[in-house]
1. Within 13 Å, Cβ to Cβ, of Thr120, how many net charges do the neighbouring residues add up to if Lys/Arg are +1 and Asp/Glu are -1?
2. May I ask you to list the lysines whose Cα is less than 26 Å away from that of Lys93, ignoring any residue fewer than eight positions away on the same chain?
3. Just add up the charged neighbours of Asp280: K/R +1, D/E -1, any other residue whose Cβ is under 12 Å from the Cβ of Asp280.
4. Over all distinct alpha-carbon pairs, what is the Kirkwood Rh of region 60-110 in angstrom?
5. Given just the C-alpha atoms of region 140-294, how large is their convex hull per residue in cubic angstrom?
6. How big, in percent, is the set of alpha carbon pairs in region 7-288 lying more than 23 Å apart?
7. So how do 19-25, 32-38 stack up, highest first, on mean other-Cβ count within 10 Å?
8. For region 9-143, what is the charge dipole size about the Cα centre, in debye to the nearest 20, if Lys and Arg each add +1 at the Cβ and Asp and Glu each add -1 at the Cβ?
Amino acid sequence: MKEIFGECHAHIIMDGVNYKEAISIHKESINDMVIRAHLKAYQKLGITFVRDGGDALGVSRRARDLASEYGIDYRTPVFAIHKNGHYGAIVGKGFDDMKEYYDRVKTAKKQGADFIKIMTTGLLDFNNHGQVTGTPLEQKEVLEMVHIAHEEGMAVMSHTNGIYGVQTAVEAGVDSVEHGNYIDEETIKMLADSDTVWVPTLVTIRNLRGCGRYEEETLMPIIELAQKNLQLAWRYKVKVALGSDAGAYMVPHGTGLRDEYQAFKDILGESDQVCSWLRDGEKKIQDTFRRPES
């Protein structure tokens, strides 16, 4: 990777191969050896900033403790927060009502979270192009969740897909949108007019090509729409940062970011202007997603 950027979306609890097995390694007790191996992968490529998406076992919090040994500025929400019955248990803790959500925010803050991560929608539905799994959270819920976190002095990272989900998140004032698949030009214009940083995580789909898990005719429409949307984001100057969702299937730690940057170059070309644009987005992430002073 000629240009060295930070990894703005990772899950150090996962290994890019089998998430169930990766998580099981830490079930009884957190395995420092595995964490160190992932941190070394970042160090080897000269990556000095990593923003984690959290987990339910405290692995990302331990990674932050160890990261300075590898020259890495590591940020984590400790755990992501999802509404029970909706997507998100894989990376965090649930809530049933806003009182319980507030308690989750306070717990994350007490445990040293650098920011809050919320889950407002499901994943891409590979069986139905353009659809997102599950039911997205209602607008009033997302507004209140973001308001509560901001009142506690915490920036908000939002796992969100789909037009409704992303528009709702932007209107609520989230500080970053993660993934943002299946959106349109109107949504991209909303992003451009906001202070929200978009972290597209392109390689979570692009790296699936040829692996045998999905047919090419399933993957290509998703890839092509993402390419079109990134071109629109560049045109409208949306705030964008590189994040590969490292740890996801076929997205290794360290090299996942290299793949993500290559995807951007494939779509937008390699230029000083694109590099500057990405550095601006990363700087906003670094400046915003930091633990509030007590």
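Values in this text are rule-based calculations from the coordinates and carry no lab data. Note that the structure is a prediction, hence the values are computed from the model and not measured. Counting neighbours? That spans all protein chains shown, and the Cβs are built from the backbone with ideal geometry, glycine included.
1. Details: positive: Lys83, Lys117, Lys140; negative: Glu138, Glu141, Glu144, Glu171, Glu178.
Once all neighbours under 13 Å are counted, the net charge is -2.
2. The qualifying lysines are Lys20, Lys27, Lys83, Lys106, Lys109, Lys110, Lys117, Lys140.
3. So the surrounding residues net to +3.
4. 12.1
5. Numbers: hull volume 18.4 nm³, N = 155.
Taking only Cα atoms, region 140-294 has a hull volume of 119 Å³ per residue.
6. On the way: 19731 of 39621 pairs.
Percentage above 23 Å: 50.
7. On the way: 19-25: 14.3, 32-38: 16.6.
Per-residue Cβ counts within 10 Å, averaged per peptide and sorted highest first, yield 32-38, 19-25.
8. That gives a dipole near 320 debye.
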